[in-house]
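First comes the structure, then the notes that go with it.
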Amino acid sequence: MDQLGSKTAYKPVANKQPEGLEIRIITLLSLIFLGLGLAVALIFFGRELLFSLKDYKIFAGLSGSEWIGFNNYLALWDTPSFLTVVRNTIFFNLLFALTGFALSAAAGSAMLAMPAAARQTVVILTVLPLFMPAEVYGNWWIHLLGSQIFMDESAMRFLHPAISAVKYAGIPILLMYVVNRLYIRRDAWLPLKGAGLFALAALALIGNGLFAITSVFNNPMNTGTVGTMDLFSMQTGFYQMQLGMSTGNNVMQLLLSLVSMALLLYPLHKLYKATFQGEQAERPASDYGARAISLVLALGCFAVIYFLPYWAAGDKLSLSAELGKLSLVPSAIVFIVMCGAGAFASVLAGAAMAGAFLSANRAIVWCAAVMLALITVLTSQPLLMSNYVMMNEAGLMNTVFAIAVATSFSAAVAWALAAVWRLEAARGEMTAVSALSAIGGMLLIQTALNYGNVTPSLLYLTDPAKSPLLLYVQLVRGSGADTLSAGENGLFGFLISMPPLLLAAVAYMLLPKRQLLLVAGGMKL
């Protein structure tokens with residue numbers, strides 16, 4: 001009998017830790033890569049700190065800009081909106097974590113109580129919004145609820161984190177589903193543990209305000225509650241050309257997250273161990289037919305839910321003759337290739353760093369975890385001015401290559417690969433094939449996540465033909481004849497969302513169940 005009382009052929013298997021020369025070599029190389037990664041991250045943080053201590057002028061460069069000490073920080077504190085955005089960032093993350101915890105715990109409990117045949121469909125359905133482009137996701141909610149509520153500061157204080165939590169709820173729900181399949185006995189506390197892991201991980205990066213989705217909802221009417229440190233960095237650095245203040249804000253963000261990560265790393269470790277424990281079951285044979293049926297049902301339900309508000313409002317779901325002439329396929333291919341190039345570099349770096357977590361030595365694992373935690377915090381901000389300047393000096397602005405550069409590293413990828421490989425090692429099933437399977441699956445997932453969450457406007461990618469997402473943003477924010485009708489907005493958004501959704505579907509079909517935890521690589525993009 002399995003966890004829910006249905007018949008199964010599972011048998012207990014002993015947990016195993018791989019030993020030997022190969023693991024020691026992998027561990028050593030991984031620690032070297034972690035050390036190099038930390039050194040690079042510290043160098044970039046040092047550059048950001050140096051920028052914040054100067055009156056940086058683009059044409060003068062860093063060396064030619066005047067040293068002004070802590071004047072930028074004093075100016076930050078004198079800016080009336082700064083304390084507001086700090087408060088908003090902390091408040092948003094607290095509510096995001098609490099809402100995500102409550103939502104995923106309730107949904108996860110309901111999912112685990114469902115018949116096995118329905119469970120997969122529900123899990124896929126909850127994961128799909130994670131891969132939907134932030135702009136499309138945000139505009140769907142605006143159409144559903146009407147634009148008026150999104151201009152209300154009081155309402156947005158709670159609505160903003162709630163909608164963000166819905167987008168990411170699939171991560172802890174998927175975690176519960178996979179863990180439920182891994183062990184013989186059902187853990188009655190699993191929904192709370194899975195939801196708790198998600199909430200703590202969100203709070204560990206409390207300085208990060210989910211820039212991609214937050215920027216969709218921000219407007220002059222609600223900036224008092226939606227304006228976060230991420231947006232403040234963008235607005236002061238680019239819109240007002242206060243580059244020194246922007247870098248000072250970024251340093252403050254990094255320090256805020258560093259304190260939060262230091263406080264929560266040990267509780268995260270303990271909760272992770274408490275979640276992934278028990279007598280493991282043998283891996284069942286993959287039933288690709290059942291997977292395909294669940295996937296088709298989930299995609300069908302997703303499409304119905306997506307289009308329902310447009311049907312209910314009587315919107316015409318078609319494109320105008322002018323929009324119908326747009327050739328989306330070439331631009332989608334170019335964009336996927338660029339996102340895939342960044343994902344490839346990110347996955348290679350993540351794999352190189354994740355190997356240390358295969359070690360049976362607790363001291364080595366803790367050392368690797370601390371180094372990766374530091375790298376995570378130092379690379380978590382979406383817009384570091386020093387990165388922008390470096391890309392500009394390298395001649396990458398206004399090119400599709402900037403997208404690949406901006407998405408070429410994700411610490412979440414290293415955490416996801418480490419968790420999956422550690423599970424494989426515990427079962428004694430860590431092989432070259434399983435390692436490559438995880439890398440391939442992570443490549444698909446990360447490409448899809450890059451497509452849906454990278455913000456081309458940040459990189460000054462001025463040719464919309466290179467990105468269907470940028471074209472959509474331009475049309476939605478346009479005026480006059482360029483403005484999309486509600487029906488066109490919905491249909492066009494759905495069409496440009498299909499590439500990442502299909503990539504995620506391919507990953508779901510090909511990956512073993514336990515490797516679906518790789519989706520956690522999308523945490524707090």
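The values are calculated or read from the model by the stated rules, or taken from the named source; none is laboratory data. Fair warning: this is a prediction, and the values are worked out from it, not measured in the lab. Here the Cβ positions follow ideal geometry from the backbone for every residue, glycine too, while neighbour counts run over all protein chains shown. SASA here: full protein model, heavy atoms, side chains in, ligands and nucleic acids out. Shrake-Rupley method; radii C 1.70, N 1.55, O 1.52, S 1.80 Å.
How many residues are open to solvent by less than 30 Å² (accessible area, probe 1.4 Å) and either of a type outside the set (S, T, N, Q) or within 19 Å of Ala41 (Cα to Cα) (or both) when one looks only at segment 234-263?
Step one: filter segment 234-263 for residues open to solvent by less than 30 Å² (accessible area, probe 1.4 Å), giving 234, 236-238, 243-251, 253-254, 257, 260-261.
If we keep only those that are either of a type outside the set (S, T, N, Q) or within 19 Å of Ala41 (Cα to Cα) (or both) too, we end up with 234, 237-238, 243-251, 253-254, 257, 260-261.
Matching residues across segment 234-263 total 17.
Quick check on Ile184: is it β-branched (Val, Ile, Thr), in contact (Cβ under 8 Å) with a residue 40 or more places away in the chain and open to solvent by less than 30 Å² (accessible area, probe 1.4 Å)?
Working: β-branched (Val, Ile, Thr): yes; in contact (Cβ under 8 Å) with a residue 40 or more places away in the chain: yes; open to solvent by less than 30 Å² (accessible area, probe 1.4 Å): no.
Taking the combined requirement at face value, the residue does not satisfy it.
Return the residues of segment 357-377 that are open to solvent by 20 Å² or more (accessible area, probe 1.4 Å) and within 24 Å of Ser233 (Cα to Cα); say none if nothing qualifies.
Of everything in segment 357-377, just one residue is open to solvent by 20 Å² or more (accessible area, probe 1.4 Å) and within 24 Å of Ser233 (Cα to Cα), namely Leu374.
So which of Trp141, Trp77, Trp67 ends up being within 28 Å of Phe302 (Cβ to Cβ), of a type in the set (A, V, I, L, M, F, W, C) and without any contact (Cβ under 8 Å) to a residue 24 or more places away in the chain? Spell out how you get there, then give the answer.
Details: Trp77 fails: within 28 Å of Phe302 (Cβ to Cβ); Trp67 fails: within 28 Å of Phe302 (Cβ to Cβ).
Of Trp141, Trp77, Trp67, the one residue that is within 28 Å of Phe302 (Cβ to Cβ), of a type in the set (A, V, I, L, M, F, W, C) and without any contact (Cβ under 8 Å) to a residue 24 or more places away in the chain is Trp141.
Quick one: which residue in Asn398, Asn361 is over 21 Å from the mean Cα position of the chain (by Cα) and under 30 Å from Val334 (Cβ atoms)? Break it down stepwise before answering.
Details: Asn361 fails: under 30 Å from Val334 (Cβ atoms).
Exactly one residue qualifies, and that residue is Asn398.
Taking only segment 39-88 into account, find how many residues are open to solvent by less than 30 Å² (accessible area, probe 1.4 Å) and either within 22 Å of Thr228 (Cα to Cα) or out of contact with any strand residue (DSSP E or B) (no Cβ under 8 Å at 6 or more places or on another chain) (or both).
Let us first name the residues in segment 39-88 that are open to solvent by less than 30 Å² (accessible area, probe 1.4 Å), namely 41, 48, 51-54, 56, 61, 65, 69, 72-73, 76, 82, 85, 88.
Pick out the ones that are also either within 22 Å of Thr228 (Cα to Cα) or out of contact with any strand residue (DSSP E or B) (no Cβ under 8 Å at 6 or more places or on another chain) (or both) and you get 41, 48, 51-52, 56, 61, 69, 72-73, 76, 82, 85, 88.
So the count comes out to 13.
Just checking: which of the helices (runs of 4 or more DSSP H) contained wholly in segment 30-119 hold 2 or more residues that are of a type in the set (A, V, I, L, M, F, W, C) and under 25 Å from Gly209 (Cα atoms)?
Numbers: elements: 61-64, 71-78, 80-113.
Once the helices (runs of 4 or more DSSP H) in segment 30-119 are filtered for at least 2 residues that are of a type in the set (A, V, I, L, M, F, W, C) and under 25 Å from Gly209 (Cα atoms), what remains is 71-78, 80-113.
Can you go through Ala303, Ala354 and tell me which one is touching a residue at least 60 places away in the same chain (Cβ under 8 Å) and open to solvent by less than 20 Å² (accessible area, probe 1.4 Å)?
Values: Ala303 fails: open to solvent by less than 20 Å² (accessible area, probe 1.4 Å).
Ala354 is the lone residue from the list that is touching a residue at least 60 places away in the same chain (Cβ under 8 Å) and open to solvent by less than 20 Å² (accessible area, probe 1.4 Å).
Name the pairs: first residue in segment 425-448 and over 18 Å from Ala341 (Cα atoms), second residue basic (Lys, Arg), Cβ to Cβ under 6 Å, at least 6 apart or on different chains?
Sorted first by the residue in segment 425-448, then by its partner, the pairs are Gly428/Lys16.
Could you check segment 236-267 and list, in sequence order, the residues that are aromatic (Phe, Trp, Tyr) and modelled with pLDDT of 90 or more? So that I can check it myself, show each step before the final result.
Applying the first criterion (aromatic (Phe, Trp, Tyr)) to segment 236-267 yields 238-239, 266.
Scanning segment 236-267 gives a single hit, Tyr266.
Looking at (1) assigned to a helix (DSSP H, G or I); (2) touching a Lys or Arg at 6+ places or on another chain (Cβ under 8 Å); (3) under 19 Å from Ile43 (Cα atoms), which is the only condition Ser380 fails?
(1)
Restricting to segment 502-519, give me the number of residues that are within 15 Å of the chain's Cα centre (by Cα) and surrounded by fewer than 22 Cβ atoms within 10 Å (Cβ to Cβ).
Total satisfying the criteria: 0.
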